[in-house]
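> Please read through the structure below; I'll follow up with questions.
The values are calculated or read from the model by the stated rules, or taken from the named source; none is laboratory data. Treat the numbers as computed from the prediction; the structure is a model and nothing was measured. Cβ placement follows ideal geometry from the backbone for every residue including glycine, while neighbour counts extend to all protein chains displayed. These area figures cover heavy atoms from the full protein model, side chains too; ligands, DNA and RNA do not enter into them. Shrake-Rupley method; radii C 1.70, N 1.55, O 1.52, S 1.80 Å.
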Amino acid sequence: MLALGTATAAGGLAGVGARTALAEPTSLSPAASPSSASSEVWQRLRAGNARFAAGRQRWPRQDPAHRRSLVEGQDPVACVLGCADSRVPAELLFDQGLGDLFTVRAVGEVLDDAVVGSVEYAVEHLHVPVVVVLGHSRCGAVAAAIDLVQGRSEVTGSVSTVARAIEATVRATPADPDPQRFLAACVRTQTARVAEELPRRSPAIRAALDDHGVEIVVGVYDLASGLVTRY
Ligand SMILES: [Zn+2]
């Protein structure tokens, strides 16, 4: 059995009433349509990820003045639903600052009501134009589910809830004799399934996608290169 770490659904729901202006050169134009807004946000995240991967981070918006400017409220540009794995912190790998990303993390990006509710909150109340479902290479939760399906291990306790939630992903992924390639394929399947399931489980998220141009972006972060690839 692989160690999965601790699942968390970190919402940061306190102090979310007022929306603060972004002191950010690439902030969205107020006139931007939702679809161009989502495109702008993705370009911003992609640029930040390129800086991170190259070791040229700007470490933006982490100074005391910016921190104080966020006391009255938050105005994140995107929601990132990613794995709780300690190697995949969204703010670092997208080179973003305080208040930029509404981050929800759970091992294997497994959805439960709290995770769905957190994403729904970001879309419906904080009006983020983009939800990034972010898987990562060598995900221990997905590897544990593969071991479970292939009869190599047993899981116990609440960790079994996580592994069993990913079982369907493993069964839906075409077999591959190469274990690492199969794991990578299962990670992609898992992120795609989560992206499909979010609007199915939340009418508010579905309405945001259908009527307000909100976009769900599926990406996989590579632990070695530091790059996020969009699928
Ligand atoms: Zn993981």
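> So, in nm, how far is label Arg206 from label Leu227 when the simple model puts each one 7 Å beyond its Cα toward the Cβ?
Inter-label distance under the simple model: 3.7 nm.
> Applying the Karplus parametrisation 6.51 cos²θ - 1.76 cosθ + 1.60 with θ = phi - 60° to the phi angles of segment 41-49, what ³J(HN,Hα) value in whole Hz is obtained for each residue in order, glycine and proline being reported as x?
5, 5, 4, 5, 5, 5, 5, x, 5
> Please work out how much length the chain gains when fully extended from Ser36 to Ala54, using 0.36 nm per residue of separation minus the C-alpha to C-alpha distance, in nm with one decimal.
Extra length from Ser36 to Ala54 when fully extended: 3.8 nm.
> Let me ask another. If I model a spin label at Asp176 and Ala47 as a point 7 Å from the Cα along the Cα→Cβ vector, what separation in nanometres do I get?
Result: 3.3 nm between the two label points.
> Given a 1.4 Å probe and the protein chains all in place, what does the accessible area of Ile216 round to, in Å² to the nearest 10?
So the heavy atoms of Ile216 present about 40 Å² to solvent.
> Follow-up question, since we're still on this one. Let me know the shape class of segment 139-203, please: from the alpha-carbon gyration tensor, a ≥ b ≥ c as square roots of the eigenvalues, rounded when a/c is under 1.5, otherwise prolate if a/b is greater than b/c, or oblate.
It is oblate, given that a/c is not under 1.5 and a/b is not larger than b/c.
> Once amide H atoms are built 1.01 Å from N in the peptide plane, which residues 5 or more positions from Val132, or in another chain, come under 5 Å H to H?
Cys79, Val80, Leu81, Val217
> If you line up the long axis of helix 179-201 against the longest principal axis of the chain, both from Cα atoms, how many degrees apart are they, to the nearest 10?
In the chain, helix 179-201 runs at an angle near 50 degrees to the longest axis.
> Add -39500 (n - 2.57) for each DSSP H run of 4 or more in the chain, then divide by its residues: what number comes out at 222 nm, to the nearest 500 deg cm²/dmol?
-13500 deg cm²/dmol
> Measure nothing fancy, just the Cα-based angle from helix 140-149's long axis to the longest principal axis of the chain, in degrees from 0 to 90, nearest 10.
30 degrees
> For the chain, with a Gaussian network of springs between Cα atoms less than 10 Å apart, report the residue from Thr191, Thr161, Thr103 with the top mean-square fluctuation.
Residue with maximal mean-square fluctuation among Thr191, Thr161, Thr103: Thr161.
> Give me the distance in nm between label points sitting 7 Å out from Cα along the Cα-to-Cβ direction at Glu197 and His125, one decimal.
Rounded to a tenth, the inter-label distance reads 2.3 nm.
> Which number comes out as Rg/Rh for segment 34-230 once both Rg and the Kirkwood Rh are worked out on C-alpha atoms? Present the calculation step by step, with values, prior to reporting the outcome.
Values: Rg = 17.1 Å, Rh = 17.4 Å.
Over the Cα atoms of segment 34-230, Rg/Rh equals 0.98.
> Going by alpha carbons, how many degrees (0 to 90, nearest 10) lie between the helix axis of 159-172 and the longest principal axis of the chain?
80 degrees
> Nearest-5 percent of antiparallel DSSP beta bridges in the chain?
Details: 3 of 20 bridges.
Percent antiparallel among DSSP bridges in the chain is about 15.
> Additional query: May I ask you to derive the FRET efficiency for Gln62 and Arg138 from their Cβ-Cβ distance with R0 = 25 Å, giving the value to the nearest 0.05?
Using R0 = 25 Å, I get an efficiency of 0.30.
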